[in-house]
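Peer 1: Here's a structure for you.
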Amino acid sequence: MTQMPQPSYTHLGGLRDVESFRRYLAEHRIDIPCDDKLISGEASPLAQSLHAGTIKIGNRIAAQPMEGWDGTEDGRPTELTFRRWERFGASGAKLIWGGEAVAVRHDGRANPNQLVINQHSRVDLCRLRETLVAAHKQAVGSDDGLLIGLQLTHSGRYSRPNAHDRPEPKILYHHPILDGRLNIPADYPLVKDEELREIIEDFYKAAVVAAEAGFDFVDIKHCHGYLAHELLSAHTREGEFGGSFENRTRFLREVVTAIRAANASLSIAVRLSAFDTIPFRKDSSTEACGVPESTNGLLPYRWGFGVNVENPLEPDLAEPIKFLSLLHELGVPLVNISAGSPYYNPHIQRPATYPPSDGYSPPEDALVGVARQMRITRELKQQFPDLVIVGSAYSYLQEFLPYVAQAAIRDRWTDCIGLGRMLLAYPSLLLDVIGGRPLQRKSVCRTFSDCTTAPRAGLPSGCYPLDPHYRESENGTKLKAMKRR
Ligand SMILES: Cc1cc2nc3c(=O)[nH]c(=O)nc-3n(C[C@H](O)[C@H](O)[C@H](O)COP(=O)(O)O)c2cc1C
Ligand code: SF4
């Protein structure tokens, strides 16, 4: 068979300055707002505080949740976890969105080193939070306006609680494409409604512990293919948690009600994959470029949330808008917009130049992926001015990130700029901008994806190429050797 050439896209490193970047956006008709100058000090849009009801956030920088695959066997933090939280604190971000996904029970862990929240880990979680606050105060002088949450999760289909290479999926329905990827047979049991009720109880108990540990809010994670996100697309499931929109959101409503009854002052947040696309795979005829799975025989597509059922490659925001209306009604003030899943369409969720080991080469200019998340976040922000909205997926912008971030805040595309990978590589990027300090170009995340490749190989996550703590470690040597093979 003839090999199709892999599409190639301009690397941002090839664009000399912000002017070239703006020109590139215009020439390729990519709609991303971008300032031509950085603004420092109090005049910076990024330095503005935000007040909404009882929520007060001291600036517009948000630290996105990022797991490190480095907890103990029983789900408590290690030195590496403390180091990461310290760096999140020192980033100057005034909104800490959950630090990282923390499982509400052992069988819902995404990996055997994920943190677990329970009475046994309460003191450790409290210390993690205190470590973050201390580092934050040292970096910016005060913890005024610092809002810290904990992201609560059950990994559902992507549970691997006992070994990094042994999936133990908990599925809500049979998926015509994803079941095959995890070798799930047709008679594999679904999570029963009674088990979902137990998980609701676990979320509620976890929220109580989070409040005792001093967290300001908990995120009921609804993104990236994990349990609560899968529930939103459980159109084919029977019973109380499947089928209608009301049933598919029952889990959220019951978790919120239970938490409220236990602790009225703890704020509740939701991180949502607000749109999706069908799973992608590596295509050998295009030199490992990502291609969508075939939808032959699968239309209308009944296994997605936020997708057009007649063409699931396209987003459809009708249900995500209904979902945000529900959040508004439930008094959930904080919403973090993400997309897709790192397992089945990573280019949608985390635009990158280089794919992780289990990924595929980008099927589109990664800037198109950034623009898509920004556009959808903007549309949702316009529809829900009262919700505090955090946008995601800016790290691919590299040194142009601060120019885009400033414009996006000023033009109200989002309320806060959520930073993921950039925080692992260069935690103080936006703080340096506000402080008027020059950017440290050598520290800028280049989206090499080693922070994802490492855990796929059973190693802790971290920025192996740029953070000497990981690069020069034994695990750094192991990762290099694995990549050479
Ligand atoms: C190593 C790593 C771990 C992550 N862990 C989580 C997580 O625990 N919870 C979550 O909601 N998102 C997680 N994400 C997704 C990020 O929060 C973020 O949405 C994504 O990386 C895109 O943002 P960025 O372009 O700034 O990296 C993770 C991402 C990375 C790279
Ligand atoms: S390994 Fe470092 S440079 Fe690569 S994507 Fe992760 S944070 Fe960025």
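Where a number appears in this text, it was derived from the coordinates with a stated rule and is not lab data. What you are looking at is a predicted structure, and each value in this text was computed from that prediction instead of being measured. Cβ placement follows ideal geometry from the backbone for every residue including glycine, while neighbour counts extend to all protein chains displayed.
Peer 1: First check a/c for the range 332-445, with a ≥ b ≥ c the square roots of the eigenvalues of its C-alpha gyration tensor; if it is under 1.5, answer rounded, and if not, answer prolate when a/b is larger than b/c or oblate otherwise.
Peer 2: oblate
Peer 1: While we're here: Neighbouring Cβ atoms within 10 Å as the yardstick, rank 281, 29 fewest first.
Peer 2: So the residues, fewest neighbours to most, are 29, 281.
Peer 1: Next up: Between the range 414-485 and the range 92-111, what's the alpha-carbon centroid distance in Å?
Peer 2: Centre-to-centre distance over Cα atoms comes out at 19 Å.
Peer 1: On to the next question. Among DSSP bridges having both ends in the chain, what percentage is antiparallel? Round to the nearest 5.
Peer 2: So the antiparallel bridges in the chain amount to around 20 percent.
Peer 1: Once you place label points 7 Å from the Cα toward the Cβ at residue 188 and residue 144, how far apart are they in nm?
Peer 2: Distance between the two pseudo-spin positions: 5.3 nm.
Peer 1: At a 10 Å Cβ-Cβ cut-off, how would you order 17, 187, 276, fewest neighbours first?
Peer 2: The most exposed by this proxy come first: 187, 17, 276.
Peer 1: While we're looking at this one, here's another question. Once amide H atoms are built 1.01 Å from N in the peptide plane, which residues 5 or more positions from residue 226, or in another chain, come under 5 Å H to H?
Peer 2: Those lying under 5 Å, H to H, from residue 226: there are none.
Peer 1: Continuing with the same structure: Compare the peptides 252-262, 391-401 by average per-residue count of other Cβ atoms within 10 angstrom and give them in order, highest first.
Peer 2: Highest mean packing first, the order is 391-401, 252-262.
Peer 1: Continuing with the same structure: Neighbouring Cβ atoms within 10 Å as the yardstick, rank 284, 44 fewest first.
Peer 2: Ordered from fewest to most neighbouring Cβ atoms within 10 Å, 284, 44 come out as 284, 44.
Peer 1: Give the calculated FRET efficiency between residue 20 and residue 48 to the nearest 0.05, with a Förster radius of 30 Å applied to their Cβ-Cβ distance.
Peer 2: 0.55
Peer 1: Right, here's the next one. Only sites in a loop by DSSP and with at most 16 other Cβ atoms within 10 Å count here; which GluC sites (Glu not before Pro) in the range 288-358 make the cut?
Peer 2: Loop-located and lightly packed - 310.
Peer 1: First check a/c for the range 41-135, with a ≥ b ≥ c the square roots of the eigenvalues of its C-alpha gyration tensor; if it is under 1.5, answer rounded, and if not, answer prolate when a/b is larger than b/c or oblate otherwise.
Peer 2: Prolate shape, in that a/c is at least 1.5 and a/b is the bigger ratio.
Peer 1: Assign one of three labels to the range 178-280, namely rounded, prolate or oblate, based on the Cα gyration tensor with a ≥ b ≥ c the square roots of its eigenvalues; rounded applies when a/c is under 1.5, prolate when it is not and a/b is larger than b/c, and oblate otherwise.
Peer 2: It is prolate, given that a/c is not under 1.5 and a/b is the larger ratio.
Peer 1: When we measure straight from the Cα of residue 94, which lysines land under 16 angstrom away, once same-chain ones fewer than 8 places off are left out?
Peer 2: Correct list for residue 94: 56, 137.
Peer 1: Let me ask you something else. May I ask for the distance between the Cα centers of the range 349-403 and the range 4-65, given as a whole number of Å?
Peer 2: About 10 Å separates the Cα centre of the range 349-403 from the one of the range 4-65.
Peer 1: Under 30 Å Cα to Cα from residue 478, which lysines show up? Leave out anything in the same chain fewer than 8 places away.
Peer 2: Of all the lysines, those that pass the test against residue 478 - Cα under 30 Å, at least 8 places apart if same chain - are 282, 442.
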